[in-house]
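Trainee: Before we start, here is the structure in question, set down as structure tokens.
The values are calculated or read from the model by the stated rules, or taken from the named source; none is laboratory data. All values derive from a computational prediction rather than experimental measurement. Note that we place each Cβ from the backbone using ideal geometry, even for glycine, and neighbour counts take in every protein chain shown.
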Amino acid sequence: MEKTLSIVKPDGVQKHLIGEVIKRFEENGLKVVGLKMIYMDKKEAEGFYAVHRGKPFFESLTTFMSSGPAVVMVLEGKEAISKTRELMGATDPKQAKEGTLRRQYATNIERNIVHGSDAHETAAFEIKYFFNSLEMFEY
Ligand code: UDP
Ligand code: MG
């Protein structure tokens with residue numbers, strides 16, 4: 001079984017979409033094995049998105065991600081990484097397929113309500129960034 005990290009971003013929390021996002025994942029065979037609400041400060045957001053440091057959107061993105069509470073979760077399932085990304089849809093909601101979370105709920109390419117890890121190595125880094133082994137459960 002594969003694990004991935006997902007975040008209901010601050011805009012998703014403001015739009016009252018925590019339940020909707022989790023429901024979509026659970027309905028599609030993903031199991032929530034870790035879950036918490038956090039409020040990242042700027043430095044934590046910069047550390048989380050370190051791979052994007054230097055990109056034109058980095059400053060705005062990390063300000064946005066530290067602008068309010070977010071919900072972080074560890075999802076487990078068969079091909080959890082690609083399945084989560086499929087349910088999220090493309091980064092830019094205008095490019096996202098019909099029926100995906102971002103197509104339905106995102107405001108724009110930055111405020112796109114949800115995050116999902118994009119590969120095994122990034123999933124491992126991102127899960128460890130927010131969760132220790134005592135905060136994840138088997139059931
Ligand atoms: N982002 C942005 N402008 C861009 C590309 C990305 O504001 O041109 C933001 C957006 O919130 C995105 C995040 O930066 O979700 C991380 O970008 P990435 O390319 O990793 O997209 P994702 O993996 O989230 O689809
Ligand atoms: Mg990404």
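Rundown of residues vs (1) assigned to a loop (DSSP other than H, G, I, E, B); (2) within 14 Å of ligand 2 (Cβ to nearest atom); (3) free of Cβ contacts under 8 Å to residues at least 24 places away in the same chain, yes/no style:
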position	(1), (2), (3)
Gly12	no, no, no
Gly19	no, no, yes
Ile22	no, no, no
Glu26	no, no, yes
Met37	no, no, no
Ser60	no, no, no
Val74	no, no, no
Ala90	yes, yes, yes
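Trainee: Check off (1) out of contact with any Asp or Glu (no Cβ under 9 Å at 6 or more places or on another chain); (2) part of a helix (DSSP H, G or I) for Phe64 and give me the number that stays unchecked.
Mentor: (1)
Trainee: Quick check on Val32: is it at pLDDT 95 or above and either within 16 Å of ligand 1 (Cβ to nearest atom) or more than 22 Å from Thr100 (Cβ to Cβ) (or both)?
Mentor: On the way: at pLDDT 95 or above: yes; either within 16 Å of ligand 1 (Cβ to nearest atom) or more than 22 Å from Thr100 (Cβ to Cβ) (or both): no.
No, not satisfied.
Trainee: Condition test on Tyr139, is it within 24 Å of Gly19 (Cβ to Cβ) and either among the acidic types (Asp, Glu) or in contact (Cβ under 8 Å) with a residue 12 or more places away in the chain (or both)? Before the answer, list the steps.
Mentor: Values: within 24 Å of Gly19 (Cβ to Cβ): yes; either among the acidic types (Asp, Glu) or in contact (Cβ under 8 Å) with a residue 12 or more places away in the chain (or both): yes.
So Tyr139 fits the description; yes.
Trainee: In the stretch 119-129, which residues are over 13 Å from Glu2 (Cβ atoms) and without any contact (Cβ under 8 Å) to a residue 60 or more places away in the chain?
Mentor: Matches in the stretch 119-129: Phe125, Lys128.
Trainee: Also: State the number of residues belonging to the stretch 112-139 that are β-branched (Val, Ile, Thr) and in a loop (DSSP other than H, G, I, E, B).
Mentor: Going residue by residue through the stretch 112-139, those that are β-branched (Val, Ile, Thr) are 113-114, 122, 127.
If we keep only those that are in a loop (DSSP other than H, G, I, E, B) as well, we get 113.
Final tally of qualifying residues: 1.
Yes or no, residue by residue, for (1) touching a Phe, Trp or Tyr at 6+ places or on another chain (Cβ under 8 Å); (2) within 15 Å of ligand 1 (Cβ to nearest atom); (3) at pLDDT below 95; (4) among the hydrophobic types (A, V, I, L, M, F, W, C):
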{"position": "Ile38", "(1), (2), (3), (4)": "yes, no, no, yes"}
{"position": "Ala50", "(1), (2), (3), (4)": "no, yes, no, yes"}
{"position": "Arg53", "(1), (2), (3), (4)": "no, yes, no, no"}
{"position": "Thr62", "(1), (2), (3), (4)": "yes, yes, no, no"}
{"position": "Val71", "(1), (2), (3), (4)": "no, no, no, yes"}
{"position": "Glu86", "(1), (2), (3), (4)": "no, yes, no, no"}
{"position": "Glu98", "(1), (2), (3), (4)": "no, no, no, no"}
{"position": "Glu121", "(1), (2), (3), (4)": "no, yes, no, no"}
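Trainee: Let me ask something additional. Can you confirm whether the stretch 109-117 contains a residue that is in contact with a Lys or Arg (Cβ under 9 Å, 6 or more places away or on another chain), more than 17 Å from Met1 (Cβ to Cβ), among the charged types (D, E, K, R) and free of Cβ contacts under 8 Å to residues at least 12 places away in the same chain?
Mentor: Quick first cut of the stretch 109-117, residues in contact with a Lys or Arg (Cβ under 9 Å, 6 or more places away or on another chain) only: 109, 111-117.
From what is left, the residues that are more than 17 Å from Met1 (Cβ to Cβ) are 109, 111-115.
Next, from what is left, pick out any that are among the charged types (D, E, K, R): 111.
Now drop any that are not free of Cβ contacts under 8 Å to residues at least 12 places away in the same chain, which leaves none.
No: zero hits.
Trainee: Return only the number of the condition from (1) among the aliphatic types (A, V, I, L, M); (2) crowded, with 17+ Cβ neighbours inside 10 Å; (3) touching a residue at least 24 places away in the same chain (Cβ under 8 Å) that Ala45 does not satisfy.
Mentor: (3)
Trainee: Does Ile81 fit the bill of being within 13 Å of ligand 1 (Cβ to nearest atom) and outside any loop (DSSP other than H, G, I, E, B)?
Mentor: Values: within 13 Å of ligand 1 (Cβ to nearest atom): yes; outside any loop (DSSP other than H, G, I, E, B): yes.
So Ile81 passes the test.
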